[in-house]
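**Student:** First the structure, which I've put down as structure tokens, then a few questions once you've had a look.
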Amino acid sequence: MKTDWIKPLIGHPGPFATIYLDATRSAEAGDKDVAGRWKAVRRSLAQQGAPDSVLDAVEDAALRPIRKVGAHGRVIIADGSGVLVDKALHTAPTVATGVWHAVPALLHAALAADEEVTALKVAVDRTGADLRLMGARGWDARRTFEAPHDDISKVAPGGSSRGGAAGGGGDRGGQSAVDARVEDSLARNAEAVAREVEKAVAEERPEIVLLYGDARTVRAVKTALVRPVAELTVEVAGGGRGAGVHEGAFHENLEDALDSYREKRREVVLAELRQGQGREQGAVSGVDDVVAVLSRGQVKELVLNEDVGYDGALVVGADGARGPLSGRTLWIGPDPLAIALSRSSLADAGYTDGVEELPAAIALMRAAVGQDAGLTVAPEGAVDLIDGVGATLRWHDGATPQEVAATMSRDQDLLR
């Protein structure tokens, strides 16, 4: 998924505080829930050496409510200059963690990147629309569009119409004329809203358009959209522009639509990975092969199993985070292609200054983000990845590592 908001962290001087927190507020305790969790994390960060100035900045962010209902988590990354990343997570972590380290704990940011969806939220009625963009900065300010035609009210049967004679056929004729004008105005308003939505999509390039409100207008607007935008658009039940909307039910429907999109987006990447593995071209897995393709700028999407962990010393929690990469390190240099299994390999490639050894998961993330690769977190059992890591490729040549059946069966002895 898109990782452009993580990129400014790459090469940024540390150290960093990375916080992974359950930000859910219960109806009974409210802010006290988050404050209690944060207090424990703050104590841990202080013990690791994080200064009060950084902890105060994180506390201001952590205790500030965000526009998200129900259970959710939060990732905050900060340094001496203040908060650099503040992201909501759809899933609340079971254990709150805080890490003070020379580099940010990017796997937590990766989880946020994997969940993030750039969505255009469009509430419509007969008079116009409210548009809001949900992206890297959260929900942007609402943009209101007022449709140009205001002749949208039909005359009740038996009532007098504008310009019609009183009584009999005159009334019916006048009512028909007004009704026709109203239908024309509603259709033109829907077309005007559709053009405004298309304009916003062209400017903001969202991944999905969430359309809701007056049911008849929703249908008319979606029908009026040009095909590429219509294909991005999902109708969401229960919302609206005015008062009286059942917010709880609507937010559930909204989250369901976003969850469905996340699953489809993830499956597109995993299907491409499986296909590449099956034809032994276009995808690799395992640390050695992924490092090789990262060093050549070939990676289109880095794929990490959700249980990939850091070196235990980097994670503070009840059990730590243990996974297939825990305890393993890699070497990186000053540019995005400078990643290797050993320091000597970097030296052979001409990198002698600015090299450092990092936990493998962090080094892989840094290299992928630095070369504008996407990022996908694979649920357990969704795809077969050696060492919990894989990649789809932008291009393939004779020097690209090739997956073979023995590799995918994990029978390494057959390769010796």
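**Student:** By counting other Cβ atoms within 10 Å of each Cβ, how are Trp5, Trp100 ranked from fewest to most? Kindly include the intermediate steps, with their values, before the conclusion.
**Tutor:** Values: Trp5 18, Trp100 24.
Exposure proxy ranking, most exposed first: Trp5, Trp100.
**Student:** If we count other beta carbons within 10 Å of each Cβ, what is the order of Ser326, Ser345, fewest first? Before the final figure, lay out the partial values.
**Tutor:** Details: Ser326 20, Ser345 15.
Least crowded to most crowded, the residues run Ser345, Ser326.
**Student:** Just grab the label-to-label distance for Glu280 and Lys39, each label 7 Å out from Cα along the Cβ direction, in nm (one decimal).
**Tutor:** 6.1
**Student:** Let me ask another. Treat the count of other C-beta atoms within 10 Å as a stand-in for reagent exposure and order Asp384, Asp125 from fewest to most.
**Tutor:** Numbers: Asp384 16, Asp125 19.
Fewest-to-most Cβ neighbours within 10 Å comes out as Asp384, Asp125.
**Student:** Kindly write out, for the stretch 4-11 in residue order, the coupling ³J(HN,Hα) from the Karplus curve 6.51 cos²θ - 1.76 cosθ + 1.60 (θ = phi - 60°), rounded to whole Hz, with x marking Gly and Pro.
**Tutor:** 4, 6, 7, 3, x, 6, 6, x
**Student:** Obtain the nm distance between the two label points defined at Arg132 and Glu183 by a simple spin-label model: each point lies 7 Å from its Cα along the Cα-to-C-beta direction.
**Tutor:** The two pseudo-label positions are separated by 3.6 nm.
**Student:** First measure r as the distance between the Cβ atoms of Glu252 and Glu380, then evaluate 1/(1 + (r/R0)^6) with R0 = 22 Å and state the FRET efficiency to the nearest 0.05. Write out the running numbers ahead of the final one.
**Tutor:** Details: r = 26 Å, r/R0 = 1.17.
The computed FRET efficiency comes out at 0.30.
**Student:** Using the Cα centre of the stretch 7-115 as origin and beta-carbon charges of +1 (Lys, Arg) and -1 (Asp, Glu), tell me which of Val75, Ile10, Ala57 is placed farthest towards the positive end of the dipole.
**Tutor:** Selected residue: Val75.
Every read-out reported here was derived from the displayed coordinates using simple, explicitly stated rules and does not represent laboratory data. As the structure is a prediction and not an experimental result, all values here were calculated from the model. Positions of Cβ are backbone-derived with ideal geometry, glycine not excepted, and every protein chain shown enters the neighbour counts.
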